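The structure under discussion appears below in the form of structure tokens.
The values are calculated or read from the model by the stated rules, or taken from the named source; none is laboratory data. Treat the numbers as computed from the prediction; the structure is a model and nothing was measured. Here the Cβ positions follow ideal geometry from the backbone for every residue, glycine too, while neighbour counts run over all protein chains shown.
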Amino acid sequence: MKILKKRQKEIQKEIKKTKEPSVMQELNAEMLSLTGVMFKSSMKPMFVTIIPFLLLFTWLRSIYVPVMGNGWIWYYLGYSILASIVLRKVLKVA
């Protein structure tokens, strides 16, 4: 991954330096292929971690749904968004 990121930065510098459209197209094509490879390699760990999280949320749902009702996640999201807006206004954060 580090090598791919390093190569992407090099390509970006080359794109900024060059003015020729044909060279820029070649560099953009290489950059696109590197982006695809990086995306594929970053998706594998995500799939490994998402399965335990899905199991965890399924387990939490079995515990909290009888207590709070079916819409507990919506209440949580709504109140967290509302609290975020209020805190930003109070603390004057952009």
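At least 2 residues being of a type in the set (F, W, Y) is the threshold, and among the helices (runs of 4 or more DSSP H) wholly inside the chain those reaching it are 21-68, 72-91.
Taking the stated definitions as given, is M24 within 30 Å of E10 (Cα to Cα), at pLDDT 85 or above, touching a Ser or Thr at 6+ places or on another chain (Cβ under 9 Å) and surrounded by 10 or more Cβ atoms within 10 Å (Cβ to Cβ)? So M24 passes the test.
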